[in-house]
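A short write-up of the structure that comes next.
The values are calculated or read from the model by the stated rules, or taken from the named source; none is laboratory data. These figures come from a predicted structure and were not determined experimentally. Here Cβ is always computed from backbone atoms with ideal geometry, including for glycine, and neighbour counts include all displayed protein chains. Only protein heavy atoms, including side chains, enter the accessible area calculation; ligands, DNA and RNA are left aside. Shrake-Rupley method; radii C 1.70, N 1.55, O 1.52, S 1.80 Å.
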Amino acid sequence: MTVQGWMLIILFIALTIALARPMGAFLFALYEGRRTPLHAVLGPVERGFYRLGGVDPAREQGWRGYAVALLLFNLLGVALIYAVLRLQGALPFNPQGFGAVSPDLAFNTAISFVSNTNWQSYGGETTLSHFSQMFALTVQNFLSAGTGIAIAFALIRGFARREAPGIGNFWADMTRATLYLLLPLSVILAIAYIALGVPQTFAASVEATTLEGARQTLALGPVASQLAIKMLGTNGGGFFNVNSAHPFENPGALANLIQMLSIFVIGAGLTWTFGKAVGNTRQGWAILAVMMLLFTAGVAITYWAEAAGNPLVTHLGVSDALGNMEGKDVRFGTAASALFAVVTTAASCGAVIAMHDSFMPLGSIIPLFNMQLGELIVGGVGAGLYAILLYCILAVFVAGLMVGRTPEYVGKKIEAREVKLTVLAIAVLPMAVLGLTALASVLDLGLAGRLNLGPHGFSEILYAFTSAAANNGSAFGGLTANTPFYNGLLALGMFVGRFFVIFPVLAIAGSLAAKRHTPEGAGSFPTTGGLWIGLLAAVILIVGGLTYLPALALGPGADQAALAAGTTY
Amino acid sequence: MADQLEAPMTDMIWIAAAIGLGLAGFAFIRLLDAI
């Protein structure tokens, strides 16, 4: 580990915390439906959408109405993506002349981009036309992120409102988040990326001559526009197969820092929005503190594991001065690669600048564990906040059991219905991850996809279903996933991991919104100080640890032990 | 266009799978009401 590496990590954490309040304040204006400076330009567009869809943005929806609208909208997205990918060969902006995407891959990709996962069983530059990339995928990058923010708004209203019948209007929340936040910020970021060297063109490729005199064809396309929302919306689906490890998708240190910050900025801001909405910004800061505590620990472990290098390679006489550099870009090295891996898996982004399959087994535990916790460390846009609020409910329930009082959180009594829904929402992810991993680990169709045998092969399968069900989308690498078996099963994991968590969350929002406000009393458990931060972090780690420890021990744990004994797979 | 849809039966299977997931979603919303 180097001082320079740690300075990058500290700078990143400081900038994330510094951006939380201004971003949170803007999000609060959108949450409240207040007028922003952007309304002068985009207000008519917003009203046009409502007129076109026959939507009354002021009409409140109960949680069921909100959930049904959300599901219908997302199913429409699945149908559109599937149709575009299957008809790709007949559609415009296809300079490479790509034919139709196979039915199972089109199904997988449709669920993937609608669920904000962006798992890619294909190489973008060798499979998809510009039209497919822009119209099917980039559009969904905006809409799936907008959907996530809308759910966070709905849950915040659940805590903030008193005896209210509704939790907001899905169409208004989704439209406002997309139009006033994601779209303008993406335009600014895309221009910044273009200035830093990211291509934005309809040309298919350019011919180049290498230093050895060989001719090389370099794929091009509208990369900057997809890159901007890919990070900001924590989508993660790369224009190129190797994602942000490609120099055209990540031209240097500054672009890399901007990409990492744009992954975290909305998720961090939403914690402040939550605090503001419930009348005490310290509530939001406490949540961000837990997130940053777990994040810092994760980065430290991953950076340490990668910087220490591979003892088997060192034993061959290769210097370990740079650490474990297999699968890493020499422009970024171990510090930035470890930081990026933890950022992208703490959030539900899934973009990569290094191959996680080539991380040391101990280094790969943190990306896996981050996703398995439900990506609540800042998390996906919107998804991170509602994931950690589920654990807040669980933590006050545990605290309530210890002191024998009805648990309360930010002025709402947490009763049996909320606790049941919370446990259900938290249990969905491990059921999908572990159940589907177990299935693929015993069936020939699943085992055939592994590149490596032994615990490393198991890690490849575990990572794929973890990434899918947690809606992350990053690939460990190694696994051959573009088969009907994996395309179907991973799509199932993505759908269940997204919507079967969202619906209980909305049900909790509806249940809480209808309750009275309970003022904080002398017996209320404080949810802003150090005791609360410690309790919440402990509940997250214990629940996550107990759930996933056996699988992690069978995969990266056994892999690390075997490596120490001189065996690799 | 014909070569785009060379496997209509396969398409039907995956479209049916998508419809199945959607219906499961609606059923789950109904189920949550009972909790």
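Can you find a residue that is of a type outside the set (Val, Ile, Thr) and in a helix (DSSP H, G or I) anywhere in the stretch A:210-225?
yes
Looking at the stretch A:406-424, I want the residues that are within 11 Å of another protein chain (Cβ to nearest Cβ) and basic (Lys, Arg) and have a partner that is open to solvent by 20 Å² or more (accessible area, probe 1.4 Å) and part of a loop (DSSP other than H, G, I, E, B) with Cβ atoms under 6 Å, at least 6 apart or on another chain. Which pairs are those?
Between residues of the stretch A:406-424 that are within 11 Å of another protein chain (Cβ to nearest Cβ) and basic (Lys, Arg) and residues that are open to solvent by 20 Å² or more (accessible area, probe 1.4 Å) and part of a loop (DSSP other than H, G, I, E, B), the close pairs are A:LYS420/B:ILE35.
Can you say whether A:THR480 is crowded, with 19+ Cβ neighbours inside 10 Å, polar (S, T, N, Q) and either touching a residue at least 60 places away in the same chain (Cβ under 8 Å) or over 23 Å from A:ASN370 (Cβ atoms) (or both), as far as the supplied structure shows?
no
Among the residues of the stretch A:526-534, is any part of a helix (DSSP H, G or I), surrounded by 16 or more Cβ atoms within 10 Å (Cβ to Cβ) and under 28 Å from the mean Cα position of the chain (by Cα)? Walk me through it before giving the result.
The initial filter retains those residues of the stretch A:526-534 that are part of a helix (DSSP H, G or I), namely A:530-534.
Now restrict to residues that are surrounded by 16 or more Cβ atoms within 10 Å (Cβ to Cβ): A:532-533.
Among the residues that remain, those that are also under 28 Å from the mean Cα position of the chain (by Cα) are: A:532-533.
Yes, because at least one residue in the stretch A:526-534 is part of a helix (DSSP H, G or I), surrounded by 16 or more Cβ atoms within 10 Å (Cβ to Cβ) and under 28 Å from the mean Cα position of the chain (by Cα).
I want to confirm something. Restricting to the stretch A:295-336 and keeping residues that are out of contact with any helix residue (DSSP H, G or I) (no Cβ under 9 Å at 6 or more places or on another chain) and assigned to a loop (DSSP other than H, G, I, E, B), which single residue is farthest from A:ASP357 (Cα to Cα)?
The qualifying residue farthest from A:ASP357 (Cα to Cα) is A:GLY317.
Pairs needed: first member in the stretch A:187-208, open to solvent by less than 50 Å² (accessible area, probe 1.4 Å); second member anywhere, of a type in the set (Phe, Trp, Tyr); C-beta distance under 6 Å; at least 6 residues apart or different chains.
That search, which allows pairs on different chains as well, returns A:PRO199/A:PHE248.
Any idea which residue in the stretch A:62-98 is farthest from the other protein chains (Cβ to nearest Cβ), counting only those that are open to solvent by 20 Å² or more (accessible area, probe 1.4 Å) and among the polar types (S, T, N, Q)?
Here the answer is A:GLN96.
Checking the conditions here, which among A:GLY284, A:GLY237 is assigned to a loop (DSSP other than H, G, I, E, B) and either small (Gly, Ala, Ser) or closer than 27 Å to A:ALA25 by Cβ (or both)? Give the steps one after another, and end with the answer.
On the way: A:GLY284 fails: assigned to a loop (DSSP other than H, G, I, E, B).
Just a single option satisfies the conditions, and that option is A:GLY237.
Checking the conditions here, which among A:LEU368, A:LEU394, A:LEU362 is over 29 Å from A:GLU418 (Cβ atoms), in a helix (DSSP H, G or I) and open to solvent by 10 Å² or more (accessible area, probe 1.4 Å)? Can you show your working first?
On the way: A:LEU368 fails: open to solvent by 10 Å² or more (accessible area, probe 1.4 Å); A:LEU394 fails: over 29 Å from A:GLU418 (Cβ atoms).
Just a single option satisfies the conditions, and that option is A:LEU362.
Note down all Cβ pairs under 7 Å where the first residue falls in the stretch B:15-35 and is under 16 Å from A:PHE73 (Cβ atoms) and part of a helix (DSSP H, G or I), the second is open to solvent by less than 60 Å² (accessible area, probe 1.4 Å) and among the small types (Gly, Ala, Ser), and they're at least six residues apart or on different chains.
What qualifies is B:ILE29/A:ALA67.
Taking the stretch A:371-386, which residues are part of a helix (DSSP H, G or I) and open to solvent by less than 10 Å² (accessible area, probe 1.4 Å)?
Correct list: A:MET371, A:GLN372, A:GLY384, A:LEU385.
State the number of residues belonging to the stretch A:209-241 that are open to solvent by less than 50 Å² (accessible area, probe 1.4 Å), within 27 Å of A:PRO92 (Cβ to Cβ) and among the β-branched types (Val, Ile, Thr).
Total meeting the criteria: 2.
Take the conditions without any contact (Cβ under 8 Å) to a residue 40 or more places away in the chain, more than 19 Å from the chain's Cα centre (by Cα) and away from chain B (no Cβ under 14 Å) and apply them to A:LEU52. Does it pass?
On the way: without any contact (Cβ under 8 Å) to a residue 40 or more places away in the chain: yes; more than 19 Å from the chain's Cα centre (by Cα): yes; away from chain B (no Cβ under 14 Å): yes.
Answer is yes for this residue.
If you check A:VAL101 against the conditions, is it open to solvent by 20 Å² or more (accessible area, probe 1.4 Å) and either part of a loop (DSSP other than H, G, I, E, B) or on the phi < 0 side of the Ramachandran plot (or both)?
Spelling it out, it is not the case that A:VAL101 is open to solvent by 20 Å² or more (accessible area, probe 1.4 Å) and either part of a loop (DSSP other than H, G, I, E, B) or on the phi < 0 side of the Ramachandran plot (or both).
Restricting attention to the stretch B:16-28, which residues are open to solvent by 70 Å² or more (accessible area, probe 1.4 Å) and within 8 Å of another protein chain (Cβ to nearest Cβ)?
Correct list: empty.
Every residue in the stretch A:157-184 that is under 14 Å from A:TRP63 (Cα atoms), assigned to a helix (DSSP H, G or I) and not basic (Lys, Arg), please.
If the condition is that a residue be under 14 Å from A:TRP63 (Cα atoms), assigned to a helix (DSSP H, G or I) and not basic (Lys, Arg), then A:GLY158, A:PHE159, A:PHE170, A:TRP171, A:ASP173 are the ones that fit.
Find the residue count for the stretch A:133-184, including only residues that are at positive phi and open to solvent by less than 20 Å² (accessible area, probe 1.4 Å).
Qualifying residue count, the stretch A:133-184: 1.
In the stretch A:325-348, which residues are polar (S, T, N, Q) and open to solvent by less than 10 Å² (accessible area, probe 1.4 Å)?
Restricting attention to the stretch A:325-348, the residues satisfying the condition of being polar (S, T, N, Q) are A:334, A:337, A:344-345, A:348.
Across the stretch A:325-348, the qualifying residues are A:SER337, A:THR344, A:THR345, A:SER348.
Of everything in the stretch A:104-129 that's aromatic (Phe, Trp, Tyr) and part of a loop (DSSP other than H, G, I, E, B), which residue is modelled with the lowest pLDDT?
First, the residues of the stretch A:104-129 that are aromatic (Phe, Trp, Tyr): A:107, A:113, A:119, A:122.
Cutting the leftovers down to part of a loop (DSSP other than H, G, I, E, B) gives us A:119, A:122.
On the way: A:TRP119: 90, A:TYR122: 85.
Ranking the qualifying residues of the stretch A:104-129, first place goes to A:TYR122.
Grab the helices (runs of 4 or more DSSP H) fully contained in the stretch A:398-509, keeping just those with 1 or more residues being under 22 Å from the mean Cα position of the chain (by Cα).
A:416-442, A:454-469
So A:TRP6 clears everything in (1) within 19 Å of A:ILE258 (Cβ to Cβ); (2) surrounded by fewer than 17 Cβ atoms within 10 Å (Cβ to Cβ); (3) at pLDDT 95 or above except one condition, right? Which one?
Evaluating A:TRP6 over (1) within 19 Å of A:ILE258 (Cβ to Cβ); (2) surrounded by fewer than 17 Cβ atoms within 10 Å (Cβ to Cβ); (3) at pLDDT 95 or above leaves (1) as the failure.
Limited to the stretch A:493-522, what total is found for residues that are away from chain B (no Cβ under 12 Å) and surrounded by fewer than 24 Cβ atoms within 10 Å (Cβ to Cβ)?
9
Would you mind stating whether A:ALA29 is open to solvent by 10 Å² or more (accessible area, probe 1.4 Å) and farther than 20 Å from A:LEU179 by Cα?
Spelling it out, it is not the case that A:ALA29 is open to solvent by 10 Å² or more (accessible area, probe 1.4 Å) and farther than 20 Å from A:LEU179 by Cα.
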